[in-house]
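Scroll down for the structure; my scribbles are underneath it.
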Amino acid sequence: MTGGTGLLGINLARLLAVQGWNVTVLGRNGTNARFLADLPISFVAADICDEARLDQAARGQEVVFHVAGDTSWWNRHYDRQWRTNVDGTVMVIEAARRHGVRRVVHTSTVDTIGYDPHGVADETWPDFNFGRFDYHYAISKREAERRALAFNGRGIEVVALLPGSMIGPYDVNLQYGRLFRDLRDRKVAGVPCGGVSFNHVGAVAQAHLTAADQGVPGQRYICAGENLSYRRLFEVIAARVSAPVPRLTVPSWALISYGWLDEAIAAWTKKPPQMNPGMGFYMSRNAYYRSDKAIRELGYQIQSFESAVDDAHRFLLENGFLD
């Protein structure tokens, strides 16, 4: 597995180990892997663009779970993001093919689909409309997914899973964990006007495991969940940390403008921006999805959003992330 030390990766590695799989996790040098230390797994420290280390990790494997990805939204890192998300994906699959791996389960994202401005999108939605304002993460992941699925029929099987927003335990990089802390500390001025599709990270991990055998080669499966506004997200998290919810709802133009401003400041300070225009645009849309195909073909389960928040909160508290 690549990307085994992030939110989805840790949950998937732990699930595989419990299920009796012989797991090898590939992660970058210096990556904190302490939440894998209690598992009977092998760890290979390497970049996913290191061909020799990829060969070492892929040798003797039956399935590769390619979970790694660069989620940066700083334009200064776009070349690095493309290399990781696109070139790295190709290198991982080529290494898997060289060593006779049966299947690659590629972790993509619903962002590669775009969004339906009038409803809820599925895998057939035809309009990739997240390329506006240079939302480079979605652009690079879309190209990575295209190249990954193109390997089918060329000596290896590839299935793509497209998670929505994931919440749950082992949020070691504070994807949503930061929001618990910032709401508690009254550091959030307003709520984005959009919404996204949330599910428990454990359900997404289980879908990856199932896709290793039951997913149809060449197919993509949305693994989303409850479609909720950011205001609802903020309300539920604020209740867990006994904090008020900001009254201000930030409109689309303000989010995008703040992204431009923050990016300009980052160019001067050389510090990563909190937002860029592409992310501002994304957070101002109702990016809602349905997971019918994954439910039907993978037995995917949508869990309660509030239970996912509770599990995330418990993990953050028990491991000192909210001290």
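Once the convex hull of all Cα atoms in the range 87-177 is built, its volume per residue stands at 138 Å³. The per residue volume of the convex hull around the alpha-carbon atoms of the range 29-75 is 116 Å³. Pairs of C-alpha atoms in the range 127-255 farther apart than 24 Å represent 43 percent of all such pairs. For Val101, the amide hydrogen comes within under 5 Å of no other amide hydrogen, counting only partners 5 or more places away or on other chains and with H modelled in the peptide plane.
Once divided by 2.2 N^0.38 Å, the Cα radius of gyration of the range 1-59 becomes 1.04.
Site pair Asn319 and Gln19 shows an inter-label distance of 2.1 nm when each label is modelled 7 Å from Cα along Cα→Cβ.
Across the chain, the convex hull enclosing all Cα atoms gives 128 Å³ per residue. Grab the eigenvalues of the alpha-carbon gyration tensor for the range 38-107, scale each by 5, take roots, and send me the semi-axes largest first in whole angstrom. Gyration-tensor ellipsoid for the range 38-107: 23, 14, 11 Å. Antiparallel as a % of all DSSP beta bridges within the chain, to the nearest 5? Taking every DSSP beta bridge with both residues in the chain, the antiparallel ones total about 10 percent. Size check on the range 166-323: the Cα extents along the three principal axes, sorted descending, read 49, 35, 29 Å. Here Lys293 is the anchor, and the lysines within straight C-alpha reach of less than 24 Å, apart from those fewer than 8 places off in the same chain, are Lys141.
Highest mean first, the peptides 185-192, 57-64 sorted by other C-beta atoms within 10 Å per residue fall in the order 57-64, 185-192. Over all Cα pairs of the range 232-313, how is the pair count split among 5 Å bins, expressed in % and running from 0 up to the last occupied bin? Pair shares across the bins are 3, 12, 13, 13, 17, 18, 13, 8, 3, 1. At a Cα cut-off below 21 Å, give the lysines reachable from Lys271, other chains included and same-chain residues fewer than 8 away excluded. Of all the lysines, those that pass the test against Lys271 - Cα under 21 Å, at least 8 places apart if same chain - are Lys187. Each peptide among 14-27, 194-207 gets the average number of other Cβ atoms lying within 10 Å of its residues, and from highest to lowest they stand as 194-207, 14-27.
Backbone amide hydrogens, once placed in the peptide plane, bring Asn286 within less than 5 Å of Gly195, excluding anything fewer than 5 places away on its chain. The spread of Cα positions in the range 284-323, taken along each principal axis and listed from longest to shortest, comes to 41, 30, 13 Å.
Values in this text are rule-based calculations from the coordinates and carry no lab data. Here the structure is a predicted model, which means the values were calculated and not measured. Heads up, the Cβs are rebuilt from the backbone with ideal geometry, glycines too, and the neighbour counts pull from every protein chain shown.
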